[in-house]
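Everything below concerns the one structure shown next.
Here, each number is a calculation from the coordinates, and none is a lab measurement. Since the model is a prediction, treat every value here as computed from it, not as a measurement. In this analysis, Cβ positions are derived from the backbone assuming ideal geometry, glycine residues included, and neighbour counts consider all displayed protein chains.
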Amino acid sequence: MTLFEPGRFPDPPPRRRGSSGARIGLAVAVVCGILFAGVTFIGPERVSTFTSELFTGGPPSPEEQVVALADSAQLTQEGRDLLFRQRPRTASLDEIADMCGTGEDPDLVTSGCWSSNGFILISDEVDPFAPGTAVTVLAHELLHAAYDQLDSWEVATVDDLVAAEYAKIPADDPIQQQIDGSVRGDPASLPTELFAYLGTQVMPPGGFAPELEAVYARWFSDRAALVAVYTG
């Protein structure tokens, strides 16, 4: 999800120069991230009500706006299949804050989230400073879903690869604050947040280690172009 201070949009994201949620043990998890983001959870009853009301009879056809975002996110067929299984849709900031459980905090404005119960919400309110933000939000939340589907042996390997790349990012890089905001003191959510942030916002010269790029290539056909949406 994306969190902004009330009454203002963020400054344009800095141009990067190429440097530089493990599974949660709850019935239902909502993972949010992008910019100043956080992780929160909502109860099974609230989620089951949400999904039964919206998706009785099976997943709906995706909105045209969501399809356009998916096109801009450089998704592979596997990526598109995974995305549309998450029933992605646009929603107002107020609805996202309610569904993602961040409405109680007046300092947070949430622009997207993913639930392990099978939905992705993306803000329908455009950030005038960063028109590509919605694409990054969609891709970020998709990576939470992708991480959740990794086998245990894949998780261990991916975590090591991501940690090695994360260690190369300077301590004063703005992404550090974004990740801290998403994790919000919950170390169990750090692996999935690192996987999502680095996959959508960081492209060092030559890319990550080939093994890690091969993992991301399952869902993105051109990760450099995806990252350029954010950095550009």
* Structure fact -> HN-Hα couplings for region 147-155 via Karplus (6.51, -1.76, 1.60; θ = phi - 60°), in whole Hz with x for Gly/Pro, come out as 4, 5, 8, 5, 5, 4, 5, 5, 4
* Ranked packing of 222-231, 151-160, most packed first, by mean Cβ within 10 Å -> 222-231, 151-160
* Asked: Taking amide H positions as placed 1.01 Å from N in the peptide plane, with prolines and chain starts having none, which residues 5 or more places from Ala91, or on another chain, fall under 5 Å of its amide H?
  -> Ile122, Ser123, Asp124
* Take peptides 186-198, 69-81, 167-179 and line them up by average Cβ neighbours within 10 Å, highest first, as a rough protection proxy. => 186-198, 69-81, 167-179
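Can you order the peptides 94-101, 137-144 by their average number of other Cβ atoms within 10 Å per residue, highest first?
The most tightly packed comes first, giving 137-144, 94-101.
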